Amino acid sequence: MDDYAFVIQACIDLYETNLDAELLIIAYDLQKQQDEFFWDSNKKRYLSTDGKDSSIILRLSEGTEKINIDFFYKINIIV
């Protein structure tokens, strides 16, 4: 999950330097994938794995960062 977060942040940082809107679209799409794979909508939190590997018996919860979630709600309005 951290990989998604770092690439998303890199896209946002790069957008801030060159204002290429395509980077925001990439960041938004990656965020949607991250949500699809790791977001537990019942408990409103991110989990550490996507749940597809049957050898992992425990899916730990990750802390959420409200700033990033709010940012992508705003981006959704723009895109």
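Quick look at the numbers
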quantity: The stretch 27-44, residues that are part of a helix (DSSP H, G or I) and among the basic types (Lys, Arg); calculated: Lys32
quantity: Flag for Asp70 being part of a helix (DSSP H, G or I), modelled with pLDDT under 65 and surrounded by fewer than 16 Cβ atoms within 10 Å (Cβ to Cβ); calculated: yes
quantity: Close pairs (7 angstrom Cβ cut-off, 6 or more residues apart or separate chains): closer than 10 Å to Tyr4 by Cα in the stretch 21-42, aliphatic (A, V, I, L, M) and part of a helix (DSSP H, G or I) anywhere; calculated: Ala27/Ile8; Ala27/Ile12; Leu30/Val7; Leu30/Ile8; Gln31/Ile8
quantity: Flag for Phe38 being out of contact with any helix residue (DSSP H, G or I) (no Cβ under 7 Å at 6 or more places or on another chain), modelled with pLDDT of 70 or more and surrounded by 14 or more Cβ atoms within 10 Å (Cβ to Cβ); calculated: yes
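The values are calculated or read from the model by the stated rules, or taken from the named source; none is laboratory data. Worth saying up front: this structure is predicted, and the values here are computed from it rather than measured. Note that each Cβ is placed from the backbone with ideal geometry, even for glycine, and that neighbours are counted across all protein chains shown.
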